[in-house]
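The numbers here are math on the coordinates, done by the rules we state, and not lab data. No experiment lies behind these values; they were computed from the predicted model shown.
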Amino acid sequence: MNGLTLFQAVFTVVGVFCLAYYCSRLLGRQWGKASVSGNMRVIEHIQVGQNQKLLLLQVNEQYFLLGVSQAGIQLLTKVEGEFLAPEVSLPGQTQPPFQELLKKYLTPRQKKGGEGDD
């Protein structure tokens, strides 16, 4: 009976990891679509408080600094100058797959040369 319980626990943990992986990929795709559209693009955003953000927004060739809080969205100022747009990752050029990262951190560390070798 103990083996079955251990199996269920391991199976549950693996299931949670798989669900987290697929949910993070789904949310990442949705965020990428939401932050870039035809005429508007979020160049940069920063969290300044628990429910407060500053957004640098590009609308056509103009840039605006917006404040976002629970009270609403407020235009702070129109910004002059050129800003570097964040790199838009293409589907083939994303971060390393989750499986590679998992292998990297779960593989047993090999002994460093010289100690305990006979």
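5 Å is the cut-off here: which amide hydrogens, built 1.01 Å from N in the peptide plane, fall below it relative to TYR63, excluding neighbours closer than 5 in sequence?
HN-HN under 5 Å from TYR63: VAL79.
May I ask you to evaluate 6.51 cos²θ - 1.76 cosθ + 1.60, the Karplus curve with θ = phi - 60°, for each residue of the range 57-67 and list the ³J(HN,Hα) values in order in whole Hz, giving x for glycine and proline?
10, 9, 10, 6, 9, 10, 10, 10, 9, 10, x
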